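**Student:** After the structure tokens below, expect a handful of questions from me.
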Amino acid sequence: MTANLLDFDLEGLAAFCERLGEKRFRATQLFRWIHQRGASDFDQMSDLAKSLRGKLKTAAHVEGLRVISQHESTDGTIKWLFDVGAGDAVEAVFIPEDDRGTLCISSQAGCAVGCRFCSTGHQGFSRNLTTGEIVAQLWFAEHFLRKHLGRDERIVSNVVMMGMGEPLQNYNALVPALRVMLDDHGYGLSRRRVTVSTSGVVPMIDRLGNDCPVALAVSLHAPNNALRDNLVPLNKKYPLAELMDACNRYLDHAPRDFITFEYCMLDGVNDTPEHAQQLIELVQRHRRPGVWCKFNLIPFNPFPASGLLRSPAPRVAAFSKMLADAGIVTTVRKTRGDDIDAACGQLAGDVKDRTRVASRMAQQRTIMLKQAAPETAAIKDS
Ligand code: SF4
């Protein structure tokens, strides 16, 4: 079996080139062809020696994920469902805004954490994605969007690891993928524009701070342990005080000087004035100088199996005001892509039954793309 070059960060690709008897610097050229130009055909890589291209053809390939479906919202948000084999599918969502283009990508097929409000959590865990499968979501989206939007410039300016899965439970595949995103010869994203979102895997927060500090978002969702144990079961292992301490330690390494706390607003569950007050006290107990955290209140995207409802807008506004009045920077996330069910973190509402996914894959091929590269992909409406 030949190596899929999407699996390598630049260091890994250099080692691979050395194994082929080539100089390490050849890896930089190859890396740029793949990630900056979206190439997958070695014959296209005209500045590589013919002999190297010959070796690559026998030892390697560049292969993305097959797109099962693509849905575009009226607000420009685009959601893709990717086939990762054995009936599993993962989602990525592109969210365009005036000053940025954010891609939300997945790290696992399913998720073992089992948060109550998350449709991915309701699917259970299937498997970790490989580095190549994580990178392939960005590789595809960036080069597809350049063509789709007719622009020969970078489209994805921000990546959030906030799709399916707990990224810090797939750490060994995650870190090389982050390095590809950050590498100037890859996507050249600044550390501030790459965000890992975690439900609170405390030891891995510390490792990430040492190995590859990028922006950190923490799915908090509750102001006390009793409620968080129920909403985010991982809290039983790493309770709030430990999590907040880990966030504080992370800030010593972080590219931003604040942590983003995500808080999904659930009607009658975590959205009362008492909850807001507890949250204020939690933040104050772990205070650092300056603005060290920001809250992002997320309107819940209801799905039937959750038994939960979205908090009414006035309650979200009142909650937000209480935090803001206490000096906590708070935003309420705009809902995007409602018409295509695309909220990050709740991406998989319609793939929770993988058996259904398998039949969808057979029946529904809304858009099929050639398995190979974005630049050769042909869209066929079925
Ligand atoms: S919110 Fe994140 S960590 Fe929790 S179940 Fe969903 S994907 Fe997993």
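A short reminder: the numbers here are calculations on the coordinates, not readings from a lab. Bear in mind that the values here come from a model prediction, so they are computed numbers and not experimental data. FYI the Cβ positions are ideal-geometry reconstructions off the backbone, even for glycines, and counts take in every protein chain you see.
**Student:** Within segment 147-162, how many residues turn out to be under 13 Å from the mean Cα position of the chain (by Cα) and not in a strand (DSSP E or B)?
**Tutor:** 2
**Student:** Also, quick follow-up: Under 7 Å by Cβ, and 6 or more places apart or on different chains, what pairs join a residue from segment 116-127 that is touching a residue at least 40 places away in the same chain (Cβ under 8 Å) and assigned to a helix (DSSP H, G or I) with one that is within 8 Å of the ligand (Cβ to nearest atom) and among the aliphatic types (A, V, I, L, M)?
**Tutor:** These pairs meet every condition: Thr120/Met164.
**Student:** Quick one: is Ala324 under 25 Å from Thr77 (Cβ atoms) and among the aliphatic types (A, V, I, L, M)?
**Tutor:** So Ala324 does not fit the description; no.
**Student:** One residue is enough: does segment 128-150 have a residue meeting the conditions farther than 19 Å from Asp7 by Cα and within 16 Å of the ligand (Cβ to nearest atom)?
**Tutor:** Within segment 128-150, not a single residue is farther than 19 Å from Asp7 by Cα and within 16 Å of the ligand (Cβ to nearest atom).
**Student:** Here's something else I'd like to know. Just name the residue that is farthest from the ligand (Cβ to nearest atom) out of those in segment 163-202 that are farther than 22 Å from Thr28 by Cβ and assigned to a loop (DSSP other than H, G, I, E, B).
**Tutor:** Asn170
**Student:** Ile134: assigned to a helix (DSSP H, G or I), aliphatic (A, V, I, L, M) and within 16 Å of Gly165 (Cβ to Cβ), yes or no?
**Tutor:** So Ile134 fits the description; yes.
**Student:** Does Gly209 meet the test of being assigned to a helix (DSSP H, G or I) and either in contact (Cβ under 8 Å) with a residue 24 or more places away in the chain or surrounded by fewer than 19 Cβ atoms within 10 Å (Cβ to Cβ) (or both)?
**Tutor:** yes
**Student:** Still on this structure: Examine segment 222-244 for a residue that is in contact (Cβ under 8 Å) with a residue 12 or more places away in the chain, part of a strand (DSSP E or B) and buried (at least 17 other Cβ atoms within 10 Å of the Cβ), and state whether such a residue exists.
**Tutor:** No, because not a single residue in segment 222-244 is in contact (Cβ under 8 Å) with a residue 12 or more places away in the chain, part of a strand (DSSP E or B) and buried (at least 17 other Cβ atoms within 10 Å of the Cβ).
**Student:** Does at least one position in segment 63-79 carry a residue that is under 13 Å from the mean Cα position of the chain (by Cα) and either closer than 23 Å to Arg127 by Cα or surrounded by 18 or more Cβ atoms within 10 Å (Cβ to Cβ) (or both)?
**Tutor:** There is at least one residue in segment 63-79 that is under 13 Å from the mean Cα position of the chain (by Cα) and either closer than 23 Å to Arg127 by Cα or surrounded by 18 or more Cβ atoms within 10 Å (Cβ to Cβ) (or both).
**Student:** Before we move on, is Gly110 on the phi > 0 side of the Ramachandran plot and crowded, with 18+ Cβ neighbours inside 10 Å?
**Tutor:** Here the answer is yes, as Gly110 does meet what is asked.
**Student:** Restricting the search to segment 100-115, which residues are touching a residue at least 60 places away in the same chain (Cβ under 8 Å) and not in a strand (DSSP E or B)?
**Tutor:** Ser106, Ser107, Val113, Gly114, Cys115 - these are the residues of segment 100-115 that are touching a residue at least 60 places away in the same chain (Cβ under 8 Å) and not in a strand (DSSP E or B).
**Student:** Can you find a residue that is more than 14 Å from the ligand (Cβ to nearest atom), crowded, with 20+ Cβ neighbours inside 10 Å and among the aromatic types (Phe, Trp, Tyr) anywhere in segment 115-127?
**Tutor:** The answer is no, given that none of the residues of segment 115-127 is more than 14 Å from the ligand (Cβ to nearest atom), crowded, with 20+ Cβ neighbours inside 10 Å and among the aromatic types (Phe, Trp, Tyr).
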